[in-house]
Every structure is written in structure tokens, then in C-alpha cells.
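The structure appears right after this line, and notes come after that.
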Amino acid sequence: MLTCLVVIAAGIVLRQIDRYHFARSRPRVASARELIALQRARANDWTPALLLVGQWVQIAGWWLLAGHGPVAAVVAVVGVAVQFRHLQEVSHFAVHGVLARSARVNRVLAEALVHLPLGLVPVAVRRRRHVRDHHPNATLAADPNLAELRDAGLVPGASRLRFVLALLFPLTPRGIRATVTGIAANLRRSPGRAAVVAAVLAAAFLVGGPAALVCGVLVPRLLLYPLLAWGSLIVEHTWFDPEPRTGSPAWVEAGRCMRLYPYQRLLAALAVVVWLPYGDLYHYAHSAHSSVRWNYLSALERHLAPPHFMPAALLWGPGSVVRQHWAALTPPSAAGAAPRRRVTRAA
């Protein structure tokens, strides 16, 4: 057990090198231009590599832990799923070209240490879908992310049951099938992609035995990590009820983005650690200026006017994300119900 904790701690330490390098002496509030200049001055190729290696060292620690009984196995499932989610978000910034200094290193790090071992689509495909198709068209018909949400069942007039199942889509039979078929399609692209995934499975088995294989790769990758990623997608935008705007990028994004937990520091900190890591909690600031690295998004957010929707809660209450999406998808009843009011923020 001590060895597991030492390995996990070593991974955490490796990750902090990148954080310290970029975040030291950063301003509390600054414009995008100031922050981009600062990150360019500090851009390098070695601390991002240590960051991703640190994530995998932590995963190895969770693999070691998985074989220490049922409770340890459950903890390992959560720990690995969280690290997979972190890897996804780090690679997201590589796709935007702001993880490392050079475009080639961004691509190589994201492909070799995230997309290949997790069975994701090639980095070039993700870049096209995310940077070209999603960012300019967020919440619009051309947005592939909105299409994913609608395919899962988040459509106008959906029943309560269908709405709830759509929120939990990765855990439903249809969602699990989509995850498995998506991975299989990616592995069929080349023998090399399948070989890397096989190597990850073999490494987990060698490090922690069958428990690590099941609880350290299969269950996190097929169930819990997709759920964490799906939850992140749901809280990025007011998908079904944006405010159409024209003007500056920040003004446009403020009309279709949300900022979860603006005043709940404890919940915000928990979200950052678990399912909204590496700047994903600050998705509005990222959408407004996608060339800013995650280390500086909090400073940028303080410089921007707030978005139109700042939910105090995720699941329940009049100011929750789920209530907002449900209201946006539920037309007023034919019996003359009062028009729905937009909940913009909680004081």
C-alpha cells in the first residue's frame, strides 16, 4: 500500500513542475493579450511532457492499488477515470496549440500519451471537429457537440425519463455501445493504434494483475471516464437556449456559455480536481480566447464581463444546470402556462 501512495505522490509532483513554471508570479487579473504574451515567454516542450508522464505515473499507482481488496479496487476505478479525464483535457489544449511550444510537440504529446493509449480519434480529426467545427458554431446547428447531445435524447419535448437517461447517456446500454463501437472504429484505423491500446492493457496487468486490468483500465475507460467527459460537455453552454449575439468574441461567447459554481468555492475546487480539470471550469473564458493556456484562464475570467448564465448548482434547484436545460427543452403547456423565465445567476 505504501508503494502505491509513493507512486501516486511522485506523479503529482511531476505534474506540479509544469504548473509552477507557467503559474509563478501570474497576475490576478489581466487581458488576453497580456496573458498570451506571458505564456509565450514561458512556452517550452519539456514541462508539458513531464505533466503527461506524471498523469501516467499516477495511473500506475492506481493500478498497484487495485489489487488491495474491494474498497481499493473501487477507489482505483475512480482514480484512473479522473486521470483519464485529466489526460483528455490536457490534450484539448494541445489541440489548440498551447500545451507545448511547437506545433509538432503538441501533436506528438497528445497523440502518443493521450489519444493512442485511450483509443481516441487521431489528433488531426479532433482538431478539425473541435477547433474548426465546434468553436465558431457552439450551440448552432453546425456544432457537432450539439448533435451529440441531441442524438443522446436531449431534444425538445423529451419526456422526463428520456431527459434523465440522456444526462446519464454513457451509462445506458446505447451509450456503452457507442463508446465501445467508437473505440473499435478508432483501433481499426491502423494496427499501430490497436497495438498501443494492447500495450496499455498488458502494462496494467503486469503492474497490478487482473484487478488493475478490470478496475484500472476497462471499467474507467468504458463507463466512468465517458460519464465525467459527458458531464463536462453538458455544463459548457446553454446548449438549447443561447442568447444570439453579434460583436466581440467575448460578448458572443457570454451569450452562449455558462460558468458553474461562481460563488461555491468548495464545489468549484472539487470540480477542478475531478471532472472539470485544467481550465474546463473556465470554459467561458476559454471560448472567448481559446489561445490562452489553462494556467491563466482564471485571471482572464476576472477581466471579462460575466456570462449570461452562472448556475449555482448542477443537479437541482431553480438555478441549476439541469433545471435550465429541462426548461429550455420543455415548451410551455397548451393550457396557458406562464412563459419560462431564464435563470441568470445566483447571488
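The values are calculated or read from the model by the stated rules, or taken from the named source; none is laboratory data. Please read all numbers here as calculations on a predicted model, not as lab measurements. Note: ideal-geometry Cβ built from the backbone for every residue, glycine included; neighbour counts use all protein chains shown.
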Let me confirm something: among VAL90, VAL82, VAL53, which residue is modelled with pLDDT of 95 or more and more than 19 Å from SER232 (Cβ to Cβ)?
VAL53
Of everything in region 258-275, what is buried (at least 20 other Cβ atoms within 10 Å of the Cβ), in contact (Cβ under 8 Å) with a residue 60 or more places away in the chain and not aromatic (Phe, Trp, Tyr)? Give them in sequence order.
MET258, LEU260
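Residue-by-condition table, conditions (1) of a type outside the set (Lys, Arg); (2) within 19 Å of LEU276 (Cβ to Cβ):
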site: GLY79; (1), (2): yes, yes
site: ARG104; (1), (2): no, no
site: GLU111; (1), (2): yes, no
site: HIS130; (1), (2): yes, yes
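Would you pick out the residues in region 116-151 that are closer than 12 Å to LEU329 by Cβ, in contact (Cβ under 8 Å) with a residue 60 or more places away in the chain and over 16 Å from the mean Cα position of the chain (by Cα)? Outline the logic, then answer.
Quick first cut of region 116-151, residues closer than 12 Å to LEU329 by Cβ only: 149-150.
Still in the list and also in contact (Cβ under 8 Å) with a residue 60 or more places away in the chain: 149.
Those that are closer than 12 Å to LEU329 by Cβ, in contact (Cβ under 8 Å) with a residue 60 or more places away in the chain and over 16 Å from the mean Cα position of the chain (by Cα): none in region 116-151.
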GLY97 vs. criteria over 18 Å from the mean Cα position of the chain (by Cα) and either over 22 Å from ALA229 (Cβ atoms) or at pLDDT 95 or above (or both):
no
With the condition kept exactly as written, say whether any residue in region 96-113 is in contact with a Leu (Cβ under 8 Å, 6 or more places away or on another chain), of a type in the set (A, V, I, L, M) and within 26 Å of HIS237 (Cβ to Cβ).
yes
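Could you tell me which residue of region 271-299 is modelled with the lowest pLDDT, considering only residues that are assigned to a loop (DSSP other than H, G, I, E, B) and of a type outside the set (Phe, Trp, Tyr)? Lay out the reasoning, then the answer.
Residues of region 271-299 assigned to a loop (DSSP other than H, G, I, E, B): 275-279, 289-293.
Next cut, of a type outside the set (Phe, Trp, Tyr) only: 276-277, 279, 289-293.
Values: LEU276: 97, PRO277: 97, GLY279: 93, HIS289: 96, SER290: 96, SER291: 96, VAL292: 97, ARG293: 98.
Here the residue is GLY279.
Do we find that ALA250 is within 24 Å of VAL98 (Cβ to Cβ) and modelled with pLDDT of 95 or more in this structure?
Details: within 24 Å of VAL98 (Cβ to Cβ): yes; modelled with pLDDT of 95 or more: no.
So ALA250 fails the test.
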If we scan region 219-236, do we find a residue that is at positive phi and surrounded by fewer than 22 Cβ atoms within 10 Å (Cβ to Cβ)?
no
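Within region 86-111, which residues are closer than 14 Å to TRP56 by Cβ and either among the polar types (S, T, N, Q) or touching a residue at least 60 places away in the same chain (Cβ under 8 Å) (or both)?
Passing the criteria: HIS86, GLN88, VAL90, SER91, LEU109.
When you look at ALA305, is it farther than 23 Å from ASN44 by Cα, assigned to a loop (DSSP other than H, G, I, E, B) and of a type in the set (Gly, Ala, Ser), yes or no? Lay out the reasoning, then the answer.
Numbers: farther than 23 Å from ASN44 by Cα: yes; assigned to a loop (DSSP other than H, G, I, E, B): yes; of a type in the set (Gly, Ala, Ser): yes.
Yes, satisfied.
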May I ask you to list pairs of residues, at least six apart or on different chains, whose Cβ atoms are under 7 Å apart, with the first in region 26-41 being in contact (Cβ under 8 Å) with a residue 24 or more places away in the chain and the second being polar (S, T, N, Q)?
ARG26/ASN295; ILE36/SER291
What's the total number of residues in region 68-125 that are surrounded by fewer than 20 Cβ atoms within 10 Å (Cβ to Cβ) and of a type in the set (Lys, Arg)?
2
